[in-house]
Amino acid sequence: MKLYLKIWRQLNPDADGKLVDYELNGVEEDMSFLEMLDYLNEKLITKDEMPVEFDHDCREGICGTCGLFINGRAHGPLAGTTTCQLHMRSFADGDTIYIEPFRGGAFQVIRDLKVDRSSMDRILQAGGFISTSVGDAPEANTTPITHAEAESAFDSAACIGCGACVATCKNGSAALFTAAKIAHLAKLPQGKPEAKQRVVNMVTQMDQEGFGHCSNTHACQVECPQEISVANIDRMNWEYNRARLLK
Amino acid sequence: MALTGLFLCLFLVVHLAGNLQLLLPKETAVIQFNLYSRILSGNYFIKVISWLLFLSIVLHSIYALIITIKNRKASGSAYAYDRRKVVSSWSSRNMGLLGSIILIFLVIHLKDFWYQYSFGTLPLDDEGNKDLFSIVVSAYGRLWYVILNIVAFMALGYHLLHGFYSAFKTLGVYPSKLSRGLYYLGIGFTLIITTGFIIIPVFVYLNYHT
């Protein structure tokens, strides 16, 4: 198929970027979106042009590294899908595709479609862990936890930290990401001793990084490739309000 | 936002319940509504509540302004092609606009009724109470004023549709069944409040002026 691409090109964080038009022939519908970009880059390199830089790593939908704003939507048109798992069969011959980096006040475009999302890492560093060294996996039944609780904690832990929630939020809020990390540990006995300190530290860090307030539009839940529920945000608010009121 | 918003929601219920007395047959409505207004304005407990209401409106508006400015900054530079509106509700994205319409309406509304009642000279009814009923009836004799009210109440409706449910989420109501229950309660609350407030000016216009 033939595609008309409009790709955000930006030389460095301080430079002004702009959309640049590319016509790409010979795209196959079995290509992943990133393979389509690889294919474009091969053509650009052979023409002695600078390739389009973009983030990618596992290409299996589990690492959270890739993330593009495709045709006005985070990770493109499909629900519950990362950019690397989006395939060209979702587009038609002759389509125009807008490709932009994830944007947010706490994100910075490094070059083209590559985005510095280390602000999210710093939220994790502020408390997204338990301080105890737990050693090897213990005998499963020594810590009483129901199957439902374990599943619920795992649903929260499934967040891959791609930043689609921030990119799609009109407020540039990282509430869904932060909440998933807080809720994951708040739901498990191992996370409870440090729960109050954790939620206060992580929420404070989130604000310091310049992420916006959550106004419950729920766009993040719709665009999340891991389909993380906004119920995590409710849980974070509960944990935060409780920690602040009951010091 | 959540606490002041929910306090204002509670006020809406009381305000609507009182104002629905305007729908009674004229002879009863005049006596009932004017007596109700006198009791409200004379009660010290209600006076404290009314100052709390003013304070809530001011705090709700100022805090909204502060977080809107902060959120604008936090949203970063604009996308060249933006289809994000398909993944969230219109009301959730336009709370500022809806709130501004409500605030403008509130100023007009307070000037026309509360200010008149508290500081103006009103005629008295047969019982010797200030005749607020006649002021309301004559105000809703103007079609443009009725339409203005309907527009404001529609804005209030959309504001509540998102705000009521969102307030509980901000407070941290997380059990899923309770959360779902509050979502439907919010829709019901919005329908009752909006319909109730719209019926009053429409009824007065049709009943007393046509």
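The values are calculated or read from the model by the stated rules, or taken from the named source; none is laboratory data. Since we're looking at a predicted model, the values are computed, not measured. Backbone-built Cβ (ideal geometry, glycine too); neighbour counts: all protein chains shown.
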| request: Select from the stretch A:46-68 the residues that are surrounded by fewer than 21 Cβ atoms within 10 Å (Cβ to Cβ), more than 13 Å from the chain's Cα centre (by Cα) and part of a loop (DSSP other than H, G, I, E, B) and list them in ascending order. | output: A:Lys47, A:Asp48, A:Glu49, A:Met50, A:Pro51, A:Glu53, A:Asp57, A:Cys58, A:Arg59, A:Glu60
| note | Scanning the stretch B:57-104 for residues that are more than 7 Å from every other protein chain (Cβ to nearest Cβ), closer than 23 Å to A:Phe107 by Cβ and not in a helix (DSSP H, G or I) gives B:Ala78
| message | Take B:Gly141 and tell me if it is more than 13 Å from chain A (Cβ to nearest Cβ) and in contact with a His (Cβ under 8 Å, 6 or more places away or on another chain). | response | yes
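Could you say whether any residue in the stretch A:223-235 is assigned to a helix (DSSP H, G or I), farther than 17 Å from B:Thr170 by Cβ and out of contact with any strand residue (DSSP E or B) (no Cβ under 6 Å at 6 or more places or on another chain)?
So far as the stretch A:223-235 goes, no, none of its residues is assigned to a helix (DSSP H, G or I), farther than 17 Å from B:Thr170 by Cβ and out of contact with any strand residue (DSSP E or B) (no Cβ under 6 Å at 6 or more places or on another chain).
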| Criterion (at pLDDT 95 or above, farther than 27 Å from A:Leu185 by Cα and in a loop (DSSP other than H, G, I, E, B)) met by exactly one of A:Ala106, A:Ala92 | A:Ala92
| query | Which one is nearest to the other protein chains (Cβ to nearest Cβ), of the residues in the stretch A:69-100 that are surrounded by fewer than 20 Cβ atoms within 10 Å (Cβ to Cβ) and on the phi > 0 side of the Ramachandran plot? | reply | A:Gly72
| request: Only residues that are farther than 14 Å from B:Trp90 by Cβ, within 12 Å of another protein chain (Cβ to nearest Cβ) and touching a residue at least 40 places away in the same chain (Cβ under 8 Å): list them for the stretch B:149-165, please. | output: B:Phe164
| Residues in the stretch A:207-222 that are assigned to a helix (DSSP H, G or I), within 11 Å of chain B (Cβ to nearest Cβ) and over 22 Å from A:Thr82 (Cβ atoms): how many? | 1
| task | Kindly indicate which of B:Ile57, B:Ile62, B:Ile46 is over 23 Å from A:Ala79 (Cα atoms) and surrounded by 17 or more Cβ atoms within 10 Å (Cβ to Cβ). | result | B:Ile57
| Index of the failed condition, A:Asp136 passing every other in (1) at pLDDT 95 or above; (2) more than 29 Å from A:Cys66 (Cβ to Cβ); (3) not hydroxyl-bearing (Ser, Thr, Tyr) | (1)
